[in-house]
Amino acid sequence: MAWFDKQTDGDVQAEAIGEPTAKGLNEQETIQRNVFISTFAMLAKMASADGTVSKNEVEAVDRFMKQVLKLDDARRSFAIKVFNRARTSTKTFRDYAEEYRELLKDTPEMYEWMVDVLARVSLADQVFSNPEASLLYSACEVFGVDPGRYAKLAQHLQPAAVAQDDEVYQRIGCSPTSSDEEIAAKVSQLEQQFDPEHIVAMGLPEEFVKVAQEKRKAVQEAHQEIRRRRGR
């Protein structure tokens, strides 16, 4: 994360509230920084949507930093500062979502991933409040993601809560009735979208390369399981 090494503690407040302080950063580094900041700003707004940030929500964000993005201590500390500043920022959740959309307009596959992360944080305290629902559906609207897959959240279910037999198909956006050819085509499409070299070429933060690797692996594992079930 080359941009991170050029940050100063004094820049954090301005960045978290959306000031374009890109001192010493080139264009690509500025994009990387802003993607990182908009991501944690959205998480902050979601976690505080109902007026308080629960211990479970904090732990969910911490797991995201450690297990998904695999941030080291310094980067995790920076993310926490952004998170805390953004909670009280005058900018809205939608403002940050629209910034994220614009920054990642060439890699829209990251939109659905972001909504999934937001959904997990909203459910961390086992309560899906009306303010959280409003923000989640706002994210779906901004990113062009089908909100239908999150409808069961109102019943306090996980966003991908489906029958076990269907879950493996949903990982690749197919159904048990999809043909082998349709599934293979979808898998190929997703593998290309989440190719780490593609993510690197787009100039996204290195943390997102790790996400892409995990998503690609999940797609391949789902395809293998489907082939096993079908005796292929």
Under 5 Å between amide H atoms, partner at least 5 residues away or on a different chain: which partners does ILE172 have, H built in plane at 1.01 Å? none
Take each of the peptides 72-80, 133-141, 29-37, average the number of other beta-carbon atoms within 10 Å over its residues, and list them starting from the highest. 29-37, 133-141, 72-80
Nothing charged except the Cβ atoms of Lys and Arg (+1) and of Asp and Glu (-1): what's the magnitude of the dipole of segment 162-232 about its Cα centre? Round to the nearest 20 debye. 240 debye
Residue-ordered couplings for segment 216-232, obtained by feeding phi - 60° into the Karplus form 6.51 cos²θ - 1.76 cosθ + 1.60 and rounding to whole Hz (Gly and Pro as x), are 5, 4, 5, 5, 5, 5, 5, 5, 4, 5, 5, 4, 5, 5, 8, x, 8
Could you rank the peptides 57-65, 179-187 by their average count of other C-beta atoms within 10 Å per residue, with the highest value first? 57-65, 179-187
Classified through the alpha carbon gyration tensor (a ≥ b ≥ c as square roots of its eigenvalues; rounded if a/c is under 1.5, else prolate when a/b is larger than b/c, else oblate), segment 162-232 comes out prolate
Using θ = phi - 60° and the Karplus curve 6.51 cos²θ - 1.76 cosθ + 1.60, what whole-Hz ³J(HN,Hα) does each residue of segment 62-77 get, with Gly and Pro shown as x? 5, 4, 4, 5, 7, 8, 8, 7, 6, 6, 7, 4, 5, 6, 5, 4
Taking the Cβ-Cβ separation of VAL200 and ASP95 as r and a Förster radius of 35 Å, what is the calculated FRET efficiency to the nearest 0.05? 0.80
From the phi of every residue in segment 82-90, what ³J(HN,Hα) in whole Hz does the Karplus formula 6.51 cos²θ - 1.76 cosθ + 1.60 yield, where θ is phi - 60° and glycine or proline is x? 4, 4, 5, 5, 5, 4, 10, 5, 6
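Here, each number is a calculation from the coordinates, and none is a lab measurement. Just so we're clear, the structure is a prediction, and the values are computed from it rather than from any experiment. Positions of Cβ are backbone-derived with ideal geometry, glycine not excepted, and every protein chain shown enters the neighbour counts.
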